[in-house]
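Report on the following structure.
All of the numbers you see were taken from the coordinates with simple rules; none came from a lab. All values derive from a computational prediction rather than experimental measurement. As a convention, Cβ positions derive from the backbone with ideal geometry for all residues, glycine included, and neighbour counts pool all protein chains shown.
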Number of protein chains: 2
Amino acid sequence: MSAKVNRQWRVAGYPEPGELVGDRHFEWAEAPVPEPDAGEFLVRTVCLAPGPAQRGYLKAPDDGFLQGLAVGDVMRGRGVGQIVASRHPDYPVGEVFVGSLGWQDYSLQQPRGAEFVYSTKKLTNPIRPLTSHLTFLGQAGVTAWFGLLETGALQPGDHVLVSAAAGGVGSMASQIAKLKGAARVVGIAGSDEKCRWLCADLGVDAAINYRTDDVAACLERQFPDGIDLFFDNVGGEILNIALDHLAMHARVALCGFISTNYAGGAQQGPINYRRLIPRRASMHGFVIFDFWERWPEAEAALLGWYREGKLVNCEDVAHGLERMPECLTGLFTGANRGVKVCRVAPDPVGLPDA
Amino acid sequence: MSAKVNRQWRVAGYPEPGELVGDRHFEWAEAPVPEPDAGEFLVRTVCLAPGPAQRGYLKAPDDGFLQGLAVGDVMRGRGVGQIVASRHPDYPVGEVFVGSLGWQDYSLQQPRGAEFVYSTKKLTNPIRPLTSHLTFLGQAGVTAWFGLLETGALQPGDHVLVSAAAGGVGSMASQIAKLKGAARVVGIAGSDEKCRWLCADLGVDAAINYRTDDVAACLERQFPDGIDLFFDNVGGEILNIALDHLAMHARVALCGFISTNYAGGAQQGPINYRRLIPRRASMHGFVIFDFWERWPEAEAALLGWYREGKLVNCEDVAHGLERMPECLTGLFTGANRGVKVCRVAPDPVGLPDA
C-alpha cells in the first residue's frame with residue numbers, strides 16, 4: 001500500500017434547504033488504515049461516483065428514504081476498489097469490489113445478506129478502466145436502462161424526450177433510447193456545447209438548451225405528434241412544460257428532480273399534471289434498488305453495445321479524493337458532461353480492457 | 001306533447017379564468033319544437049346531468065379536448081329522454097334514449113357512427129327512475145368503476161382514499177371500492193353532514209372534512225401504512241397532501257381537478273409528485289370515453305349490486321329545466337350530495353322499476 005493513512009471526507013454540517021452543497025459541508029481527515037476483523041476485508045478505493053442523491057445523506061440520521069449521516073461520519077458514496085487485506089475466504093486479496101466505499105481511501109467491508117449481494121459485490125469480470133463500473137456498466141447505465149425499458153415501457157418508434165441529457169443518467173438514457181429503436185430522441189441540456197455533443201457524439205436527433213431556448217416552442221417543433229416517453233431527471237419547470245406536450249398514452253419516467261433539489265422556499269409543482277387526464281398519460285416513480293437482481297441483464301447488453309462501438313462511455317473524470325466535494329457540487333450546477341467519477345488511485349495492473 | 005315550445009338554455013358568455021360559472025353565462029330562450037328530417041328523430045328530455053366538464057364547453061370553438069361552444073349555441077349536456085317523433089326506422093317513437101340532448105326540452109338526433117353507438121344509444125332495458133341512467137348506471141357510476149378497477153388497478157385489501165367522496169363520481173367510487181374488497185375506504189368531503197352521510201349511508205370507514213380537519217394529520221392517522229389507491233377528483237392541495245401519504249407502489253387515478261377548475265391566477269401544482277419516486281408510485285390520467293365499449297360490463301355489475309341492496313343510488317335531484325345553471329354552479333361550490341341530476345319532465349309511463 002502506498003498510502004500510510006486513510007484520507008477521508010467526513011460530514012461537517014448539513015446544507016440548508018435551498019443551499020448548494022459544497023466544501024463547507026465536509027471536513028478532510030486522516031485516520032489510520034483499519035485492519036479487518038474475522039469475516040471482514042479491506043478495500044482500497046480506486047474510484048468514486050458522486051450522485052445527486054448523496055446531498056440527501058446530509059441530514060440527521062432518521063428513517064427516511066435516504067438514511068442521514070451524523071456530523072463526523074465518513075461521507076457515504078459508491079465506488080470501485082480492490083481488496084487489499086482479507087479475513088473472509090470468499091473475498092480474497094486482489095479481487096475487485098464495487099459497493100458503498102465512502103469518500104475515503106480504505107473501507108472495511110463484510111457481506112450483509114441480499115442487499116450486499118446485489119448492490120455491493122465482487123466483480124467477476126472487471127474491465128479497464130474500472131470507472132466503467134460506475135458509468136455505463138454502473139448505476140448510471142442501469143438506471144437509464146430500467147427506467148426507460150421497464151418504468152417507461154419504451155416501444156420501438158417512440159418519440160422520446162430526456163432531460164439533463166448530458167448528465168450521467170441522461171447521457172445513457174439518450175443513447176439507450178436510440179439503440180432500442182426510438183424514432184426520435186431529443187435531449188435537454190444547459191449549454192450549446194453540451195447540445196452539440198449530444199447531437200454529434202451521442203446521436204440524439206435534436207437538443208434543446210434550456211438556458212437560452214424557448215423550451216415550449218422547441219418541444220412544439222420537435223414533437224408535432226407529442227412526446228411518447230419523457231425520461232425526467234430534473235422536475236421543476238421543464239417537467240411542467242413537457243407535460244403540456246405529451247402524446248396520447250404517454251409515460252413519464254420520474255428518475256429525479258435535480259432542479260428542485262436545492263431550491264429554497266415555496267416550490268411550485270407541475271400544474272400541468274392535469275394534462276395526464278386528456279392524454280390518458282401516466283407518471284411513474286422508480287428506484288434502481290428494485291432492479292438489482294436484473295442488473296446483469298442490463299450490464300450484458302450495455303457491454304455488448306460498447307464492444308460493438310455503438311455506445312459511448314460518457315465519463316467525466318476528476319482526479320484526486322480531495323476533489324469529491326467539488327464533484328458533488330458540480331452535479332447541481334451542470335459542471336459535468338456524462339457520468340461524473342473521481343479517480344482516487346490507479347487501476348490495478350493486469351485487468352483486461354473492455 | 002305537452003310543451004308547445006322548446007325551452008332552452010343558450011350560451012350567453014364565457015366565464016373568465018377563476019370565475020365561478022353561473023346564471024349570467026346562460027340565456028333562457030324559447031324556440032319552436034323542431035321536426036325530424038329523414039334519418040332523424042326527436043327526443044323529449046326527461047332528465048339532464050350537469051357535469052364539471054361542462055364548464056369547459058364555455059369557450060370559443062376550437063380543437064381542444066373539450067370542444068367549445070359559440071355564444072348563442074344551445075348548451076351541451078348529457079341526458080335521458082324519450083323518442084317522440086321519428087323518421088329513422090331503428091329509433092321508433094316511445095323508445096328511451098340517452099345521449100347529448102343539450103339543455104333543452106327537445107333535441108333532434110341521428111346516428112353518427114361508433115361514437116353514437118357507445119355514448120348515445122337507445123336503452124334496451126330502461127328502468128325507473130330514468131335518472132338512474134345518469135347516476136349509478138350512468139357516467140358517474142361507470143367512471144368510478146373503470147377509474148378504480150382499470151386505471152387504479154384496485155386490489156382486494158387495498159387502503160383507498162377518495163376525494164370529493166360525497167360528489168357524483170366520488171360517492172360511487174367510495175361504494176365500489178368497498179364492494180370490491182378494499183380493506184379501508186376513507187372519503188374526503190366538504191361538510192360534517194356529508195362526512196356523516198358517507199359513513200352512515202355509504203359505508204366508508206372514515207371521512208375527513210377538508211374545510212375543518214387537518215387533512216395531513218387525518219391521513220397520517222387513517223393510513224398508518226399509506227394509501228394504496230387514491231381516486232382523485234379534486235387536485236390542488238388535497239392531491240398534494242395525499243401524495244405525501246402514499247404506500248409503496250401506490251396508484252393515483254386522476255379523474256378530475258375540480259378544486260382548480262375555476263381557480264384564477266398562477267396555480268401551484270403538486271410539488272409532492274416527487275414522492276412518487278421513493279414510493280415507486282404512479283399517477284394515471286383516464287377518460288371514460290375510452291371505456292364505452294365495456295360500459296355494459298360495469299352496468300350489469302352495478303345494477304346487480306343495486307338490486308341486492310348493496311349499492312345506494314346517490315342521486316341529488318333538482319326539478320325544472322330552469323334550474324340547470326344553478327345545478328352546474330353547485331358542482332363547484334359543493335352544493336350536491338351524490339350525483340346531481342335535473343328532472344325536466346316526468347318519466348314515461350309503463351317503465352319497470354330497477
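Some observations on this one:
- Sequence-distant residues sharing a close amide H with A:Ala207 (under 5 Å, placed H): A:Gly187
- If you run the Gaussian network model on chain A, springs between alpha carbon atoms under 10 Å, then out of A:Phe97, A:Phe289, A:Phe230 the most flexible one is A:Phe289.
- Stokes-Einstein D for chain B, Kirkwood Rh over Cα pairs, 20 °C, 1.002 mPa s (µm²/s): 102 µm²/s
- Over the stretch A:4-90, relative contact order from alpha-carbon pairs under 8 Å, at least 6 apart, %: 36 percent
- Each helix, a run of at least 4 DSSP H residues, gives -39500 (n - 2.57); summed and divided by the residues of chain B, these come to -6000 deg cm²/dmol at 222 nm.
- The GluC sites (Glu not before Pro) found in the stretch A:269-354 that occupy coil by DSSP, while having at most 10 further C-beta atoms within 10 Å, are A:Glu308.
- Inter-label distance, nm, simple model (7 Å from Cα along the C-beta direction), A:Phe289/A:Ala70: 2.2 nm
- Distance between the pseudo-spin-label points of A:Lys4 and B:His88 (7 Å out from Cα toward the beta carbon): 9.6 nm.
- Most mobile of A:Gln267, A:Gln82, A:Gln109 in a GNM of chain A (Cα contacts under 10 Å): A:Gln267
- Potential lengthening of the chain between B:Glu322 and B:Lys122 amounts to 69.4 nm, from the contour at 0.36 nm per residue minus the alpha-carbon distance.
- For peptides B:216-227, A:130-141, sequence by mean Cβ density within 10 Å, most packed first: A:130-141, B:216-227
- Copy-to-copy label distances for A:Arg196, where each label lies 7 Å from Cα along Cα-to-Cβ, are 7.3 nm in order of increasing length.
- Distant-in-sequence amide H partners of B:Phe230 (H built 1.01 Å from N, under 5 Å): B:Leu161, B:Arg251, B:Val252, B:Ala253
- 3J(HN,Hα) from dihedral phi, the stretch A:343-348, Karplus parametrisation 6.51/-1.76/1.60, rounded to Hz, x for glycine, proline: 8, 9, 8, x, 4, x
- Distance in nm between pseudo-label sites at B:Ala29 and A:Lys310 (7 Å out along the Cβ direction from Cα): 6.2 nm
- Fully extending the segment from B:Ser100 to B:Cys199 would add 32.2 nm, taking 0.36 nm per residue of separation and subtracting the current Cα-Cα distance.
- Take every pair of alpha-carbon atoms less than 8 Å apart whose residues are at least six positions apart; their mean separation over the length of the stretch A:139-288 yields a relative contact order of 23 percent.
- Chain A, rotation onto B, residue closest to that axis via Cβ, with its distance in Å: A:Gly269, 2
- Inter-copy spacing of B:Pro15 label points, which lie 7 Å from Cα along Cα→Cβ, given in nm from shortest upward: 4.3
- Enclosing the Cα atoms of the protein assembly as shown in their convex hull gives a volume equal to 166 cubic angstrom per residue.
- Simple Cβ-charge dipole of the stretch A:265-340, Lys/Arg +1 and Asp/Glu -1, about Cα centre, in debye nearest 20: 620 debye
- Under 30 Å from the Cα of A:Lys340 - lysines, other chains or at least 8 residues apart: A:Lys4, A:Lys59, A:Lys121, A:Lys122, A:Lys178, A:Lys180, A:Lys194, A:Lys310
- Computed magnitude of the charge dipole of the protein assembly as shown (debye, nearest 20; Cβ of K, R +1, Cβ of D, E -1): 340 debye
- Amide proton proximity set for A:Val46, modelled H, under 5 Å, gap of 5+: A:Val80, A:Gly81, A:Gln82
- The GNM of chain B, with springs linking C-alpha atoms under 10 angstrom apart, assigns the highest mean-square fluctuation among B:Val160, B:Val93, B:Val204 to B:Val93.
- Distances in nm from A:Pro34 to the matching label points in the other copies, shortest first (labels 7 Å along Cα to Cβ): 8.2
- For the stretch B:271-286, putting each phi into the Karplus relation 6.51 cos²θ - 1.76 cosθ + 1.60 with θ = phi - 60° gives couplings of 4, 6, 4, 4, 5, 4, 5, x, 8, 6, 9, 8, 10, 10, x, 8 Hz, in residue order, rounded to whole numbers and with x for Gly and Pro.
- Electrostatic dipole magnitude of chain A [Cβ: Lys, Arg +1; Asp, Glu -1; Cα centre; debye, to 20]: 280 debye
- Using a cutoff of 8 angstrom between alpha carbon atoms and counting only pairs six or more residues apart, the relative contact order for chain B works out to 19 percent.
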